[in-house]
Structures are given as structure tokens and as C-alpha cells.
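Here the structure comes first, spelled out in C-alpha cells, and everything after it is commentary.
The values are calculated or read from the model by the stated rules, or taken from the named source; none is laboratory data. This structure is a prediction, so every number in the text was calculated from the model and none was measured. Reconstructed Cβ throughout: ideal geometry from the backbone, glycine too, with neighbour counts over all protein chains shown.
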Amino acid sequence: MAKPSKAYICQSCGAVAARWSGKCAACGEWNSLIEEASTPTQSPALVAIKGGKGRQAQFETLDAKTEDAPRLKTGIAELDRVLGGGLVPGAAVLVGGDPGIGKSTLLLQAAAELATDGASVIYLSGEEATAQVRMRAGRLGVAGAPVALGTETNVANIIATLSSGRPPALVIIDSVQTLWSEGIESAPGTISQLRGCSAALISYAKASGTTLILVGHVTKDGQIAGPKVIEHKVDTVLYFEGLSGHQFRIFRSVKNRFGPTDEICVFEMRLEGLREVENPSALFLNDADRGSPGTAVFAGMEGTRPILVEIQGLVAQSVLGTPRRAVVGWDQNRLSMLLAVLEARCGVRLGGHDVYLNVAGGLRLNEPGADLAAAAALLSSFTGRAAPEDTVYFGEVSLTGAVRAVGHTDQRLKEAAKLGFVQAVAPAGKGPAEHDAAGIALNPVCQLEELVTWFALPEG
């Protein structure tokens, strides 16, 4: 039997190197290569037949009837909506987020609600002692919930304990980076441990019907630490988002095999824990600076939910050789493209100005439909002319300066009308009968130049 060799594995991207170096050649991350044991390289065909003769696989037809398993309701309506209606038995869910953002708080609240309703719930904490978890439960007011609490991190012991009796309805592992296996020669949190331990737990969940929730740390780039293979193995991936100075927390679904993707819900962090926000649009616009130059309200879509949020822009004369471009809550490259279109297609000279863009409330926008609202905020700041307070904006701006249509127009207009807006600036092509039904007037635009003419550009 060949001896296991040593390899250096990048803890950021999972690339394998034969020797150590200060910088990973694959992803460019510094000091991320850690020595781990690796098995000798063999042909996949040889590895496949070494286990002996296999058994014949069974096939089914596409029209075979399958019975949907009942979902576990967490008792938190917003969380159930992001999950697609609740937790699916046998599913594996990966939850990621920055330290202290509220992952453990929300999961402990959900575990307490399920346990109170009669479900068997096990909460395994590898980062906190049981006394610390009890203190948090007391602060949240759920100390009386019949949740089984443990601090085991050995995967073999965890699976042996879970297999000794009736499978529980829900198992929460906080966090996956603390798990380890004696059969893997590396430290907890390394790529090999993450891959092996998560695979063992997911296999148990699929075989027993237990819902598994894994908590994962994130890197400085906001990605879950470890290889992407973990995200590929699980059924659902949820991310906690939010700025440190805001009390709002956005819970986003980026992968869901049993429901819609890119769905969000909003929570408010309070002393007694996280409380769900049923109307995020009203909350985001509660302290809006509408009526001031440099602001515009964007009517966006997050999953199946329309969201209204204020976009703030600031254009100031630069004293630097290279003007600054700063963005919070939006794509930096998207802003650069929009500024280039404004200058090349519309004649708006912003090359000598510092440009700042901020999405209020700590929300991060991912859809291109925010282009028109961002352009309105920047033009308003540049000209010193405030945008109308009763107007929302949405539409995608192409490199030619054309304003392209976006989906779910009716839902955006209905949400805007519900919050008291009476006008909308949007791509042309919508019939008057359809937007009149939403109770809001639509001002169609075909080119970005039409929006520029609404703002009186300064001389020079």
C-alpha cells in the first residue's frame, strides 16, 4: 500500500500545490497554503472498481408519482418564506454570514419554536460552551424550550449519537469549521476536514430524513470559507447580510432546490433578538431624505418580493489627480459603466469629479434595474436639482444609452402606489391600461438622454 503523500492546499479556493509558496497561484490569496495529507493520484476508473463488483442500478420513469414531504414550519414567517415554505425533511442547509451578525441568534430562535411545537431538535455548538448558549437563550426568552444542547465536534461521535435512537427532526451544527474527523490528517477548519465532515453529515441527513443546518464562517470577500464543493453538496445556501452600523439584517437565499432563489427577508436586531420586518420598503424609506438633491427611490425586486429603497449619490469637484469612485451596496463595475455612458452618450462631464453612491438601509442590490435610479441620484447631485419626491425609478441602462425593460413591472408599480408614490420613470413599452390599474402614472423613457434633459445641467 502506497504511503499517503503531503500536499499544500489553498484554504481559499481549494487549489493543490506540490510545494509551499506565499501566494496561491490559482486565486492570488496570500498565506493560504496549508500542508495536508493527500492520497496518491490514481485513475478514477481504477478507484471505482477497487471496491468489488457493484449492483445493478434501478431506474424510474419521468411520470412516476412522488409524494411531497411535509415541510417543517419554523414559526418565523419570513424565514419560512425564504426557505420556500419551511424546512424540507432530509435537506441540508448552509447558513453563512459575518461574525456577530445574528446567525446563531436566529437559528436558536427557530430551534426553540420548532421544539415548542413538538419537534425533536438538537443544537450542537462547537464555538460556545453550553453555559454561553443558555445565557443567549435566556436573553431571547426561549430558555424553556425543550432543545437538546451539546458541544460535540467529533463527526464520528455526532453520527453515532444521532443514530442511537429515533432520528431527530432538526440538527443544527454551529459551526462547520469546528468539526473534525480522526481519519483526516489535518486541523479543524481546513479544506480536507470541511469536505469530509460535511459529506458525512449530509449522507446521514439524506438517509435518516433529518433536516441538517450547517453554520459557516465567511471570508473577507463575503464568501463561505472553504471550497465551493460544500455549497454544491447542500440543498440550500442562505447568507446573512448587513452593515455593522445598521440594526437591519438581510437574509438572502442564493441557492434553493426546494424554492425560489435570490429571495430575501429582513430582520431587525433588538435586545430580545431578531424580529421579522413584514414591510421592508416602508422601513427602508422611513428616514429617507426625499426632496434633497442626490436622492432617488428605486423600485426593485428581490426574489418574488418588490422592494423600494433609497439610492443616494454625491458628485463633488475632485482635488485629486485621480477622482475617487466609492460604492456601498452596489457593484463598483456597474457604477463605472454608468458613468462612462453618462459622459460618452449624454455629455455629462464627470471625469474631474469624485463620485459616491450609497444604498440606504444596508441593502445590497444585485439587479441591473437599479441603473436608472442610480443615474437619477447622480444627476440630481451634479445639478443640485432635487428629484420629485413622489417618483420612483427603475430600468437597465445599456452601453448605447438605451433604457432597457426589466421584469415584474406591475409588481413594482403596485408596491410604489401602496407607499404613496404617484409617478414612475421606467422603460417605455408598457401599455397605459396596465399601469393605470396600479394607480400610478408611468413616465416612459427610451434613452438615458431623456432623463438628463429633466435635470438642468450646469454651464460648462
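Residue check, Ala340 against (1) part of a helix (DSSP H, G or I); (2) modelled with pLDDT under 85; (3) among the small types (Gly, Ala, Ser), all met but one. Which one?
Among (1) part of a helix (DSSP H, G or I); (2) modelled with pLDDT under 85; (3) among the small types (Gly, Ala, Ser), the lone unmet condition for Ala340 is (2).
Every residue, every condition in (1) in a helix (DSSP H, G or I); (2) among the hydrophobic types (A, V, I, L, M, F, W, C); (3) in contact (Cβ under 8 Å) with a residue 60 or more places away in the chain, yes or no:
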| residue | (1), (2), (3) |
| --- | --- |
| Pro89 | no, no, yes |
| Ala111 | yes, yes, yes |
| Leu114 | yes, yes, no |
| Gly138 | yes, no, no |
| Pro146 | no, no, no |
| Gly165 | no, no, no |
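Give the residues of region 284-330 that are buried (at least 20 other Cβ atoms within 10 Å of the Cβ) and hydroxyl-bearing (Ser, Thr, Tyr), sorted by residue number.
Scanning region 284-330 gives a single hit, Thr295.
Just to check your reading of the model, which residue among Gly429, Gly460 is over 22 Å from Glu302 (Cβ atoms), modelled with pLDDT under 85 and not assigned by TED's automatic domain parsing to the domain that holds Ser292?
Gly460
Quick one: in region 253-287, which of the residues that are part of a loop (DSSP other than H, G, I, E, B) and in contact with a helix residue (DSSP H, G or I) (Cβ under 7 Å, 6 or more places away or on another chain) is nearest to Leu378 (Cα to Cα)?
If we take residues in region 253-287 being part of a loop (DSSP other than H, G, I, E, B) and in contact with a helix residue (DSSP H, G or I) (Cβ under 7 Å, 6 or more places away or on another chain), then Glu263 is nearest to Leu378 (Cα to Cα).
Give the residue, chosen from Gln193, Gln177, that is free of Cβ contacts under 8 Å to residues at least 24 places away in the same chain and crowded, with 19+ Cβ neighbours inside 10 Å.
The match here is Gln193.
For Gly300, are the conditions met, namely being in contact with a strand residue (DSSP E or B) (Cβ under 9 Å, 6 or more places away or on another chain), under 29 Å from Gly420 (Cβ atoms) and either hydrophobic (A, V, I, L, M, F, W, C) or not assigned by TED's automatic domain parsing to the domain that holds Asp262 (or both)?
Yes; evaluated as a whole, the condition is true for this residue.
Sort through Arg305, Arg325 and tell me the only one that's in contact (Cβ under 8 Å) with a residue 12 or more places away in the chain, among the basic types (Lys, Arg) and closer than 27 Å to Gly384 by Cα.
Arg325 is the lone residue from the list that is in contact (Cβ under 8 Å) with a residue 12 or more places away in the chain, among the basic types (Lys, Arg) and closer than 27 Å to Gly384 by Cα.
I need the full set of residues from region 104-128 which are of a type outside the set (D, E, K, R) and within 18 Å of His217 (Cα to Cα), in order please.
Within region 104-128, Ser104, Thr105, Leu106, Leu107, Leu108, Tyr123, Leu124, Ser125, Gly126 meet the criteria.
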